[in-house]
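These notes are about the structure you will find just below.
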Amino acid sequence: MGYKIAIDGPAGAGKSTIAKKVAAGLGFIYVDTGAMYRAMALFLIREGTDAKDTAAVSRKCKEADITIRYENGEQVVYLNGENVNGMIRTEQVGQMASLTSPNPDIRKRLVELQQKLAADADVVMDGRDIGTCVLPDAEVKIFLTASSKVRAERRYKELTAKGEKCDIDVIEKDIIERDHQDMTREISPLQAAEDAVFVDSSYMTIDEVAAVILDKAANVQNK
Ligand code: DC
């Protein structure tokens with residue numbers, strides 16, 4: 001087992017930006033677990049699977065082979081051999097991922113893949129259940145959050161920068177709805193591990209948040 005930093009938190013808290021920065025600072029691999037649930041969701045959308053039909057989701061997910069490769073330092077997700085990195089960042093895929101990720105058959109397969117990646121390398125892994133389920137013995141656990149308003153503003157900026165038309169109120173409503181789905185599900189709900197450090201990034205810069213985590217990592221390494 002390598003050195004493990006787990007970063008959990010709600011959608012839009014800045015987990016991936018921070019995790020990438022911390023990973024680069026330490027020379028660790030960044031593992032984006034949300035991308036795996038998104039790739040699975042993309043597969044289910046393409047297959048026309050109804051997210052509410054649990055039996056169909058359980059059956060269909062077995063046909064999706066999801067693998068991860070690192071190309072030029074970037075995590076690339078392959079769905080049945082196809083690079084789907086460019087197709088999984090839409091609101092539609094995010095919603096489908098939120099609806100289907102509670103499925104135990106999906107979780108079992110993807111958690112195994114995540115644990116395998118952490119067994120082979122030093123990792124910074126972000127998601128919803130990393131500190132609680134995937135890597136319960138992680139050396140550093142962070143619960144990163146921000147207010148729904150700030151998260152909506154960040155998402156709005158990101159989408160408009162890409163030239164997408166969007167409404168900030170709709171984005172905030174979606175964020176609140178997704179938080180509720182992720183936090184109230186029975187299996188592996190989004191929650192802070194007991195030993196996680198709580199960081200509210202609403203009024204912090206990326207560098208400030210990364211510094212907090214790097215500091216924790218240095219303290220643990222020095223013990
Ligand atoms: O972090 P994200 O928005 O890319 O994640 C997409 C969805 O995947 C999210 O709504 C919940 C789910 N997810 C999960 O259940 N467990 C994880 N470790 C990561 C993501």
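The values are calculated or read from the model by the stated rules, or taken from the named source; none is laboratory data. If you're wondering where the values come from, they're calculated on a predicted model, not measured in any experiment. Using ideal geometry, Cβ is built from the backbone for each residue, glycine included, and neighbour counts are taken over all protein chains shown.
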Exercise. State all residues of the stretch 1-13 that are assigned to a strand (DSSP E or B), hydrophobic (A, V, I, L, M, F, W, C) and either more than 12 Å from the ligand (Cβ to nearest atom) or over 27 Å from His180 (Cβ atoms) (or both); if no residue qualifies, say none.
Key: Ile5
Practice problem: May I ask you to list the residues in the stretch 74-100 that are outside any helix (DSSP H, G or I) and at pLDDT 95 or above? | Solution: Val76, Val77, Tyr78, Leu79, Asn80, Gly81, Glu82, Asn83, Val84, Ile88
Practice problem: Search the stretch 25-34 for residues being of a type outside the set (D, E, K, R) and touching a strand residue (DSSP E or B) at 6+ places or on another chain (Cβ under 8 Å), and hand back the single one that is nearest to the ligand (Cβ to nearest atom). | Solution: Gly34
Exercise. Give me the pairs, please: first residue somewhere in the stretch 1-13 and over 11 Å from Glu139 (Cα atoms) and modelled with pLDDT under 95, second residue anywhere and part of a loop (DSSP other than H, G, I, E, B) and hydroxyl-bearing (Ser, Thr, Tyr), beta-carbon distance under 7 Å, and either six or more positions apart or on two chains.
Key: Ala13/Ser201
Practice problem: For the stretch 149-168, state whether one or more residues are of a type in the set (Gly, Ala, Ser) and within 16 Å of the ligand (Cβ to nearest atom). | Solution: yes
Quiz item: Exactly one of (1) in a helix (DSSP H, G or I); (2) surrounded by 14 or more Cβ atoms within 10 Å (Cβ to Cβ) is unmet by Lys173. Its number?
Solution: (2)
Practice problem: Would you point out which residue out of Ser16, Ser58 is out of contact with any Gly (no Cβ under 7 Å at 6 or more places or on another chain) and either without any contact (Cβ under 8 Å) to a residue 24 or more places away in the chain or within 13 Å of the ligand (Cβ to nearest atom) (or both)? | Solution: Ser16
